[in-house]
Amino acid sequence: MGEKYIIVVETYDKQLVKAVNEKIKDGYIPHGNVTIAFNADGQIKSFVQVMMLKNN
């Protein structure tokens with residue numbers, strides 16, 4: 001069994017969508033909103049989604 005709490009981090013939004021959909025297939029559900037991390041210049045650095053493993 002996987003970890004109950006994971007964080008998915010991707011560089012691009014489309015990559016995050018793909019990664020989150022894969023984790024949903026593994027039994028995880030998104031928890032909270034997507035967070036966007038910026039670098040010091042104000043450019044998007046990464047997209048972050050917290051996910052929790054469903055209780056069965």
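The values are calculated or read from the model by the stated rules, or taken from the named source; none is laboratory data. Everything numeric in this text was worked out from a predicted model, so none of it was measured. Please note: Cβ atoms are built from the backbone with ideal geometry, for glycine as well, and neighbour counts cover all protein chains shown. Only protein heavy atoms, including side chains, enter the accessible area calculation; ligands, DNA and RNA are left aside. Shrake-Rupley method; radii C 1.70, N 1.55, O 1.52, S 1.80 Å.
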Task: Partners for K18 among aspartates and glutamates (Cα-Cα distance below 19 Å; same-chain residues under 8 apart left out) - done: E10, D26
- [ ] At 1.4 Å probe size, with every protein chain present, just tell me what the per residue accessible area of region 2-46 comes to in Å².
- [x] 80
TODO: For an R0 of 30 angstrom, estimate the FRET efficiency from the Cβ-Cβ distance between D13 and M52 and round to the nearest 0.05.
DONE: 0.90
Task: Derived scalar couplings ³J(HN,Hα) [region 14-23; Karplus, 6.51 cos²θ - 1.76 cosθ + 1.60; whole Hz; x for Gly, Pro] - done: 5, 5, 5, 4, 4, 5, 5, 4, 5, 5
Open item on the list: Only sites in a loop by DSSP and with at most 13 other Cβ atoms within 10 Å count here; which chymotrypsin sites (Phe, Trp or Tyr not before Pro) in the chain make the cut?
Closed with: Y12
Open item on the list: Taking loop as defined by DSSP and a crowding limit of 15 other beta carbons within 10 Å, which GluC sites (Glu not before Pro) in the chain fit?
Closed with: E3
- [ ] Could you pull the accessible area for V9 with a 1.4 Å probe, rounded to 10 Å²?
- [x] 80
Open item on the list: How large is log10 of I(q)/I(0) for the chain at q = 0.21 Å⁻¹ when the intensity is taken from the Debye formula with one equal scatterer per alpha-carbon?
Closed with: -0.73
TODO: Would you kindly derive the ³J(HN,Hα) couplings of region 41-54 from the backbone phi angles with the Karplus curve 6.51 cos²θ - 1.76 cosθ + 1.60 (θ = phi - 60°), listing them in order in whole Hz, with x for Gly and Pro?
DONE: 8, x, 8, 5, 9, 6, 10, 10, 9, 7, 9, 10, 6, 5
- [ ] Could you check the simple spin-label distance between D41 and K4, using points 7 Å along Cα→Cβ, in nm with one decimal?
- [x] 4.2
